[in-house]
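Novice: Let me begin by handing over the structure; questions about it come next.
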């Protein structure tokens, strides 16, 4: 799971990133609105932890922008404002949760996990195709398909962002723990595996190559 931490207090952002890393989360840090805007434009995030007061803009201004780019991104506002009016304002503009500073890290993680349980379903069902990330299992018309490892993760990520174009760089960032240590051709290998083990045998098309831009999950288009 990839997280964007938008926080200008360096100590807090570093502490959050370190704690999230221990739990298996991949984090990017933006210390201002401009950087946060840039990150959400080039990468798909599962979660954004968003400070309200940023040095160059209100953090709330990022919410509709981020949601338009990826409607499935969960956004939790972290703010020192403890009045109910501020909480209501943040939620009305599109935030999924609001946590007042200072907060306990364990409580934050519990809220994040609860939000994902409520806000998303781990199983992806699109017509006859069912992808179960927790069990690393794919079924098509109740027949199980053998696809594991990185190809499965690539398919799952693209399916979660259905109809969106996802670049090779975004896929590397989302799936590989150290994307800078691998070459982009690993994406091509994974896509080829999906087509050989899933699309070709079943006579369907799940992944569309968008020239010079990336890939898009396009099922139920027929091959």
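The values are calculated or read from the model by the stated rules, or taken from the named source; none is laboratory data. Keep in mind the model is a prediction, meaning the values are calculated, not measured. Neighbour counts are summed over all protein chains in view; Cβ atoms, including those assigned to glycine, are modelled from backbone coordinates with ideal geometry.
Novice: Out of curiosity, is residue 11 farther than 20 Å from residue 96 by Cα, surrounded by fewer than 21 Cβ atoms within 10 Å (Cβ to Cβ) and touching a helix residue (DSSP H, G or I) at 6+ places or on another chain (Cβ under 8 Å)?
Specialist: Considered against the rule, which asks whether it is farther than 20 Å from residue 96 by Cα, surrounded by fewer than 21 Cβ atoms within 10 Å (Cβ to Cβ) and touching a helix residue (DSSP H, G or I) at 6+ places or on another chain (Cβ under 8 Å), residue 11 comes out as no.
Novice: I would also like to ask the following. Between residues in the range 52-64 that are not assigned by TED's automatic domain parsing to the domain that holds residue 36 and residues that are surrounded by fewer than 21 Cβ atoms within 10 Å (Cβ to Cβ), which pairs lie under 9 Å by C-beta distance while being six or more apart or on different chains?
Specialist: Close Cβ pairs (under 9 Å, with a partner that is surrounded by fewer than 21 Cβ atoms within 10 Å (Cβ to Cβ)) do not exist here.
Novice: Related question: Which one of 136, 153 is outside the structural domain of residue 49 (by TED's automatic domain parsing), at pLDDT below 95 and over 17 Å from the mean Cα position of the chain (by Cα)?
Specialist: Sole residue among the options that is outside the structural domain of residue 49 (by TED's automatic domain parsing), at pLDDT below 95 and over 17 Å from the mean Cα position of the chain (by Cα): 136.
Novice: Something else: Out of 169, 177, report the one residue that is assigned to a loop (DSSP other than H, G, I, E, B), touching a residue at least 60 places away in the same chain (Cβ under 8 Å) and outside the structural domain of residue 48 (by TED's automatic domain parsing).
Specialist: On inspection, the qualifying residue turns out to be 177.
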